[in-house]
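The values are calculated or read from the model by the stated rules, or taken from the named source; none is laboratory data. Bear in mind the structure is a predicted one, so any value in this text is a computation, not a measurement. Methodologically, a virtual Cβ is constructed for each residue, glycine included, from the backbone with ideal geometry; neighbour enumeration extends over all protein chains shown.
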C-alpha cells in the first residue's frame with residue numbers, strides 16, 4: 001500500500017427513483033407505475049429481502065444529499081457532488097486534510113498517468129486520439145493550497161444543465177420527465193424555453209443556497225454562453241429530458257442481434273445485446289426432448305422475477321412466465337408432455353390500435369393456453385441485464401414455481417427467437433430521428 005495510489009469515490013448523489021412513497025420493485029419507476037403505501041405494506045415483511053427490489057422514498061434522498069439540492073439525475077450539487085478519498089503512502093501532504101480545489105471524474109485518468117510518469121499520447125500506432133479533458137490532481141495532493149487547475153466543467157443530465165467556472169456555478173431549474181412523482185410534484189420548469197438559470201458563488205456558498213443571478217446578470221450570461229460552447233464541443237446537443245428519450249443517445253451495439261437468432265446450449269449466459277428485442281412481437285421456440293419420467297426444470301430464462309421471462313416445465317407440463325415491473329404474465333399447458341421430441345413455443349403480437357395484445361403458449365402446432373396482454377412489453381428486462389441461460393437458471397427465478405438452478409431434466413437442443421416486430425420503427429430510433437431532425 002505504501003507505493004499504491006488508491007482513489008475511492010461514488011458515481012452520483014443519492015437516488016430518488018422510489019418517489020415519495022418508496023417502491024418494493026425499482027423497475028416500476030421505469031414503467032411509470034404509481035406507487036402506494038398500501039402496496040408497499042403488502043410487501044412489508046419481505047422489504048429488504050430477496051423477493052423485493054426495494055428503493056427508499058425520496059425523503060431519504062433528501063437526507064442523504066443534505067445540504068445539497070435534489071438528487072441523482074439532476075445537475076444540482078445533490079446529484080453531482082460526491083467524496084473523493086485518496087491514499088498514496090508518503091505522497092499526500094497533510095493526510096486527512098480536505099482539499100477545496102474543484103475536481104471532476106475526468107481528472108482521475110490524467111492523475112493516474114501523471115503518477116505513473118506517463119504522458120497522455122496524442123497518437124497511438126499512428127491514429128490520432130481524442131483529446132483528454134481533465135487535469136492531474138497531483139499538485140493538490142502534494143500541496144493542499146495549490147492553485148485550482150480545473151477551471152471549467154459543464155454538466156447535463158436528462159435536460160438538467162449546469163456549468164462550473166472559476167468558483168461559480170450556474171444551474172437550470174429544469175425538471176425531467178419519466179419519474180411520475182417528479183413530473184407531478186417537483187418544483188421547476190418542464191419547458192426548455194422557460195427554464196431559469198440560477199447562479200451561485202461556491203467559494204462562499206457550499207450548498208447552492210443563495211441565488212446570485214439577479215446580482216450578477218453579466219456573469220450569468222457569460223456562464224450560460226460557456227455552457228452552450230462546452231456542450232457543442234462535447235457533442236451534447238441536441239438535448240432531451242425524458243427518461244425513455246435518453247435511450248436515443250445510447251451508442252447501439254456494433255453487431256445488433258437483428259430479428260432472428262438461434263441459440264445452442266453449453267455456453268454461458270447470452271448478453272442482452274445479442275438477443276432480438278421482443279417489445280414489438282415475437283415467436284420463441286425451443287427444440288427439447290423428454291424421457292419417460294415427467295420432465296422438470298428450466299428450458300430458458302432471462303432476468304428474474306423483478307423483470308424477465310422463462311420457459312420451464314413443472315411436473316411435465318410446460319409453462320411460460322413474463323415478469324414485468326407491474327405484473328407477471330403466466331401461461332401454462334394443461335397436461336404433461338409425453339416422452340419424445342417436442343417444439344415448445346411462445347407467440348406474442350401487439351394489439352391493434354392500442355388494444356390488448358395476445359400471448360400464446362404452443363406445444364408443437366397446438367395452442368394450449370392464450371392470454372390477453374394489456375400494456376406494452378418493456379424495451380429492456382433489467383437495469384443491469386442478466387443474460388439468457390439455456391437449460392438452467394441462476395440467481396433469482398423469474399417465477400416462484402421453480403427454484404434455481406432448476407436444471408432441465410430433458411435435453412434442450414436449441415432455442416430460436418424470431419422478433420419481426422423489431423423491424424418496425426423502434427421507439428429509440430424514432431426519438432433519435434426526432435432529436436436530430438433539421
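Observations, loosely collected:
- Residues (modelled with pLDDT under 95 and not in a loop (DSSP other than H, G, I, E, B)) located in segment 160-188: 177, 180, 181, 182, 183, 184, 185
- Single match in 420, 405 (criterion: within 24 Å of residue 264 (Cα to Cα), modelled with pLDDT of 90 or more, surrounded by fewer than 18 Cβ atoms within 10 Å (Cβ to Cβ) and under 27 Å from the mean Cα position of the chain (by Cα)): 405
- When restricted to residues that are touching a strand residue (DSSP E or B) at 6+ places or on another chain (Cβ under 7 Å) and surrounded by fewer than 18 Cβ atoms within 10 Å (Cβ to Cβ), segment 134-167 contains 3.
- Members of segment 1-40 that are closer than 22 Å to residue 182 by Cα, over 19 Å from the mean Cα position of the chain (by Cα) and not in a loop (DSSP other than H, G, I, E, B): 37, 38, 39, 40
- Which listed residue is within 19 Å of residue 417 (Cα to Cα) and in a strand (DSSP E or B), from 372, 380, 386, 367: 367
- Only one of 193, 241 that is under 19 Å from the mean Cα position of the chain (by Cα) and modelled with pLDDT under 95: 241
- Restricting the search to strands (runs of 3 or more DSSP E) fully inside segment 237-347 and requiring at least 1 residues that are without any contact (Cβ under 8 Å) to a residue 60 or more places away in the chain and surrounded by fewer than 16 Cβ atoms within 10 Å (Cβ to Cβ) gives 328-332.
- Within segment 55-99, being within 30 Å of residue 2 (Cβ to Cβ) and touching a residue at least 60 places away in the same chain (Cβ under 8 Å) holds for 82, 83, 84, 85, 86, 87, 88, 89, 90, 91.
- Matching residues in segment 87-107 - criterion: being out of contact with any helix residue (DSSP H, G or I) (no Cβ under 9 Å at 6 or more places or on another chain) and farther than 24 Å from residue 203 by Cβ: 87, 89, 90, 95
- Output for segment 58-84, where each listed residue is buried (at least 18 other Cβ atoms within 10 Å of the Cβ), part of a loop (DSSP other than H, G, I, E, B) and within 21 Å of the chain's Cα centre (by Cα): 70, 71, 72, 73, 74, 75, 76
- Meets criteria (surrounded by 22 or more Cβ atoms within 10 Å (Cβ to Cβ) and assigned by TED's automatic domain parsing to the domain that holds residue 286) for residue 377: no
- Residue 431 meets each of the listed conditions (1) touching a strand residue (DSSP E or B) at 6+ places or on another chain (Cβ under 6 Å); (2) buried (at least 18 other Cβ atoms within 10 Å of the Cβ); (3) at pLDDT below 95 apart from (1).
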